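A.B. asks: Below: one structure in structure tokens.
Rule-based calculations on the coordinates, nothing more; no lab input. Remember, predicted model here, so these are calculated numbers, not experimental data. We place every Cβ from the backbone using ideal geometry, glycine too, and count neighbours over all the protein chains shown.
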Amino acid sequence: MWIEIILFAAASFWVGFSGAMVPGPMLTVTISDSLKKGFRAGPLVVLGHVIAETALIILLIMGLGWVIGSPTVTMIIGGIGGAMLIYIGYSIARSPVPDELPGDGEPIEKRGSIISGIVTSVTNPYFYIWWATVGWAFMLKGIELAGIIGVLSFLVGHWSSDLSWYSLVSFFTSKGRHVLPGKRYRVMMMACGVFLVFLGLYFIYSTLIV
């Protein structure tokens, strides 16, 4: 049974990894925060994402999966989420170039990155669609395989994939920030902000108009 649990966790890792690599608001915020705060911003964004997923899992267990999959709820989330992403993107695009970037050993604003992870998760309608379909299917398979241990193996695999990918992105971004002069730093932040703004507009369009 333990071999099946390990294989199940490995499958959860690779499924989660393929999803984590898809460009989206969480990736963009990870890049922008890593440029400003350094490597630790990535794991902190993932921590916020894990908090949001834990809350969603609790709702699913409580039997509120039908709410998550409701078209009306999806429209509301898409509208509010799109507006939030536009606001975050606008803030990032307008962020000034710091006089001095923090070093790897210096303290960073932890709360901001954790909240960014939560916000970019709960405002993304595809976050709920994934959990109401693929995520919930994996949860049920884990229960069938080994009960609570099977569920934990899925979560460990899934969260490990998020942590691995975004930590990798954060590491390379934070290393590159030291060779970014003011103008290039500004262009990078502008690109991240504009991407989030367009993504927010797409969320609103796809959920409220189509």
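A.B. asks: Quick check: residue separation of Val156 and Ala55 times 0.36 nm, minus the Cα distance between them. What number comes out in nm? Show your work: numbers first, answer last.
C.D. replies: On the way: separation 101, 0.36 × 101 = 36.36 nm, distance 1.60 nm.
Full extension of this stretch gives 34.8 nm more.
A.B. asks: Starting with the highest mean, order 152-162, 31-41 by the number of other Cβ atoms within 10 Å, averaged over the residues of each peptide. Walk me through the numbers before you get to the answer.
C.D. replies: Numbers: 152-162: 20.6, 31-41: 24.0.
Descending packing order for the listed peptides: 31-41, 152-162.
A.B. asks: Still on this structure, I have one more. Could you let me know the centre-to-centre spacing of region 1-20 and region 33-59, using Cα atoms, in angstrom?
C.D. replies: 21 Å
A.B. asks: Taking the Cβ of His158 as the centre, find all other residues whose Cβ is under 14 Å away and add up their charges (Lys, Arg: +1; Asp, Glu: -1). All intermediate terms of the calculation are to be shown ahead of the outcome.
C.D. replies: Values: positive: Lys141; negative: Glu53, Asp162.
In short, -1.
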